[in-house]
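What follows is a single structure, written as structure tokens, with notes after it.
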């Protein structure tokens, strides 16, 4: 899913696995979500998938930075019925936590290196799923982790 853009496992703009930039990751996320959403009418995205109309408009306009990872995963799951949205979100969280261990990073180090206005505690809550994480925040956190991996 979203973490697979670094490994080249998902379509979208190429992302340099050695030096991924948050903007490049966000562009790859945008390509994934926009492509998946393009197969659905707005009413279905709102009614069946549960997106807010403002989020549907943002996805259609390529403004996905503020879209919650869970909502984006729901769009991807609707486009690919073999995937489960909750499983995709859990997979992303697992990948981030494993990446932190590999890169020897803690939540305070990540918070200090990202542009998103998050404290270490807020990063931890987002990683654990206790608070919503946006695609913009995911891109920043993932970029920091991937750059620090050996």
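Computed from the coordinates by the stated procedures, all read-outs in this text should not be read as laboratory data. Source: prediction; values computed, not measured. In this analysis, Cβ positions are derived from the backbone assuming ideal geometry, glycine residues included, and neighbour counts consider all displayed protein chains.
What the table below lists for this structure:
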| read-out | value |
| --- | --- |
| Degrees between helix 69-79 axis and first principal axis of the chain (Cα, 0 to 90, nearest 10) | 50 |
| Length gained when the stretch residue 131-residue 42 is fully extended (0.36 nm per residue, less Cα-Cα span) | 29.4 nm |
| The chain - mean residue ellipticity at 222 nm from DSSP helices (-39,500 (n - 2.57) per run, n ≥ 4, rounded to 500) | -18500 deg cm²/dmol |
| Rounded to 10°, Cα long-axis angle of helix 22-37 versus longest principal axis of the chain | 20 |
| Extension gain, residue 4 back to residue 119 (0.36 nm per residue minus Cα-Cα distance, nm) | 38.8 nm |
| Residue 149 versus residue 86: modelled label distance in nm, points set 7 Å from Cα along the beta carbon direction | 2.7 |
| Cβ-based exposure ranking for 82, 106, 115, in which fewest neighbours within 10 Å come first | 82, 115, 106 |
| Relative exposure of 60, 147, judged by other C-beta atoms within 10 Å (fewest first) | 60, 147 |
| Globularity index of the stretch 4-150, i.e. its alpha-carbon radius of gyration over 2.2 N^0.38 Å | 1.01 |
| Förster radius 25 Å - calculated FRET efficiency between residue 23 and residue 108, Cβ distance, rounded to 0.05 | 0.60 |
| Residue with peak Gaussian network fluctuation, the chain [Cα springs, cutoff 10 Å], from 126, 22, 109 | 109 |
| Rounded to 10°, Cα long-axis angle of helix 135-148 versus longest principal axis of the chain | 30 |
